[in-house]
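Enquirer: Let me begin by handing over the structure; questions about it come next.
Every read-out reported here was derived from the displayed coordinates using simple, explicitly stated rules and does not represent laboratory data. Everything numeric here is computed off the predicted structure, so don't read it as measured data. Note that each Cβ is placed from the backbone with ideal geometry, even for glycine, and that neighbours are counted across all protein chains shown.
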Number of protein chains: 2
Amino acid sequence: MLADQTYRFEHDLLYYECNRTGRMSMEMMLALMIAASEKQNQDLGFDEDNAKKSGGGWVIINYETSIEKPLPIAGDHIVIETRIAAFNRFFVMREWQLFDQAGELVAKVRGLFAFMDLTKRRMAPIPEAMLGTYADEAVKRMPRLKFPAKLEAGDDWTRRDYRVRFFDIDANGHVNNARYFEWLLDALPADFLLHYRPVAFSMNYHREVRLGETVTSQASPVEVGPNVETSHHRIEIDGQLCALADFSWEKI
Amino acid sequence: MLADQTYRFEHDLLYYECNRTGRMSMEMMLALMIAASEKQNQDLGFDEDNAKKSGGGWVIINYETSIEKPLPIAGDHIVIETRIAAFNRFFVMREWQLFDQAGELVAKVRGLFAFMDLTKRRMAPIPEAMLGTYADEAVKRMPRLKFPAKLEAGDDWTRRDYRVRFFDIDANGHVNNARYFEWLLDALPADFLLHYRPVAFSMNYHREVRLGETVTSQASPVEVGPNVETSHHRIEIDGQLCALADFSWEKI
């Protein structure tokens, strides 16, 4: 990584990574991006197990994404490139770019992560040995990502409950951050999801979700009609905020 | 396929294909096996789209499976081999073998499929052109797979409801048969799933499940204690049977 800090992850998209529209689902786009960064961390000798031994782990704070083109379909050979775009003692900004078969840019995601002391459940400095593997210099001020609007759910918002399932929990023992996208988007009408494609989103994580809890996914009303639409989302547990998101949509 | 009727599918297992036990989930084992057979069908020129043009599609009737070794973990390079083990005018028996990194057999699955006229919603003869690509001779009598016990749920069974979500529906417009495994197994206690591994199962599909429906997954009580345990499962919609399954478990 010191020589070339961009990690390249190749994948043939499988049918179950695509949804009813025939295209890659958002959950899977994020899940594959996380897979790419775990591979890079492994390459650097700092996979999850290693991070855990240091008593720490990465926690996602927010994502900002732009989707330039319709997402790939099953069978497509895709490439995800990822790199650490900036870091300081406590935070890392990661960047992913998704390319289609023709090598064209489909989506660009940036995510801000904090390093956490998993025992004390609070932020901790990133281990020195890990920082030493990053090619660039630490930055004083982290670039800022766009946050979703902090809206309260109106009476006209959709509300759907999701009990966290055993298989929502990954090998790290928590609900994977990609999993939230199914809860977020399933709250929108099926008819809307079939006729609109996401072109951008911002997402902000407030609170971890655990096995056995029931989240309520709330989504602002959307209209099938205009060419461009925005949806606002809020995930809560017993009225306590867990995540916020905004999506921009374009008619297919 | 006429020359060599076994199709070989290679895959590097990703973290989201594994669950909290760190091992590949059953849903993902089946999903990858279906991916392997779709690839083979594509190779033969009879992918889903082509089958649909003929007005037909494959419907799963039942699976019988033995799992010889603990399932692979994230990062493992796995191989799935699949072939048509037997067929006649209406049915196909498919076989899959899952091999681990060392090339050792991990699991063997057989599945019986019927060809359906999707407009008339009833069984139809497999198109001649498709049959012509199969290397073997048609059989008069299809081999029989083990069926799960047809038990009514007792008062001591667990019951959990699952509303079918937009993202449960794949590009073919129905709930993918691998998806049922999450509903089946999530009805078992988390403590049991963490300490037992599946060694065999049989599964039988009775009725299709559609978007917006709510399935009830029912599971017989299991005990954390004995070395070997069997669980019985029943999926219903409004009291109407959709699927039956039996799993055998071994203490990890």
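Enquirer: I need the fraction of alpha carbon pairs in region B:97-194 separated by more than 21 Å, rounded to a whole percent.
Expert: I get 64 percent for the Cα pairs in region B:97-194 exceeding 21 Å.
Enquirer: Under the definition of partner shielding as Cβ atoms of other protein chains within 10 Å of a residue Cβ, what is the mean value for peptide A:159-167? Before the final figure, lay out each step's value.
Expert: Values: counts 0, 2, 1, 2, 4, 1, 8, 14, 12.
That works out to 5 on average.
Enquirer: Using only Cα positions of chain B, each an equal point scatterer, no hydration layer, compute I(q)/I(0) via Debye at q = 0.11, 0.12, 0.13, 0.16 Å⁻¹ and quote the log10 values to two decimals.
Expert: Debye curve over Cα of chain B, log10 I(q)/I(0) at q = 0.11, 0.12, 0.13, 0.16 Å⁻¹: -0.60, -0.73, -0.86, -1.30.
Enquirer: Compute the distance from the alpha-carbon center of region B:123-173 to that of region B:199-252, in whole Å.
Expert: Between the Cα centres of region B:123-173 and region B:199-252 lies a distance of 14 Å.
Enquirer: At q = 0.12 Å⁻¹, what base-10 log of I(q)/I(0) does the Debye formula yield for the protein assembly as shown when every alpha carbon is treated as an equal point scatterer in vacuo?
Expert: Debye output, listed in q order: -1.21.
Enquirer: Further, regarding this structure: Just grab the label-to-label distance for A:Leu131 and B:Glu104, each label 7 Å out from Cα along the Cβ direction, in nm (one decimal).
Expert: 4.4 nm
Enquirer: May I pose another question? For region A:2-114, count all C-alpha to C-alpha pairs, find those more than 22 Å apart, and express that count as a whole percent of the total.
Expert: Everything past 22 Å amounts to 33 percent.
Enquirer: Which residues in region A:52-95 have a backbone N closer than 17 Å to a point placed 7 Å from the Cα of A:Thr119 along the Cα-to-Cβ line?
Expert: Under 17 Å, as judged by backbone N against the label point of A:Thr119, lie A:52-58 of region A:52-95.
Enquirer: Angle, helix B:26-43 long axis vs. longest principal axis of chain B, Cα atoms, 0 to 90°, nearest 10?
Expert: The angle comes out near 10 degrees.
Enquirer: In nm, one decimal, shortest first: how far is the label point of B:Met123 (7 Å from Cα along Cα to beta carbon) from the matching points in the other copies?
Expert: 6.5
Enquirer: Here is a follow-up. Report the trypsin sites (Lys or Arg not before Pro) located in region B:153-252 that are in a DSSP loop and have at most 14 other Cβ atoms inside 10 Å of their Cβ, or state none.
Expert: Here the trypsin sites (Lys or Arg not before Pro) that fit, given the DSSP loop and packing criteria, are B:Arg207, B:Arg210.
Enquirer: Using the structure shown, select from A:Lys108/B:Lys52; B:Lys69/B:Lys251; A:Lys69/A:Lys146; A:Lys52/A:Lys120; B:Lys39/B:Lys146 the pairs with a Cα to Cα distance greater than 24 angstrom. Could you put the intermediate results ahead of the total?
Expert: Working: A:Lys108/B:Lys52 35 Å; B:Lys69/B:Lys251 12 Å; A:Lys69/A:Lys146 20 Å; A:Lys52/A:Lys120 13 Å; B:Lys39/B:Lys146 27 Å.
Beyond 24 Å: A:Lys108/B:Lys52; B:Lys39/B:Lys146.
Enquirer: On to the next question. Evaluate E = 1/(1 + (r/R0)^6) for B:Lys150 and B:Glu250, where r is the Cβ-Cβ distance and R0 equals 30 Å; express this FRET efficiency to the nearest 0.05.
Expert: 0.75
Enquirer: How many nm is it between the label spots at B:Arg197 and A:Lys69, if each spot is 7 Å from the Cα in line with the beta carbon?
Expert: Going by the 7 Å Cα→Cβ label model, 4.2 nm.
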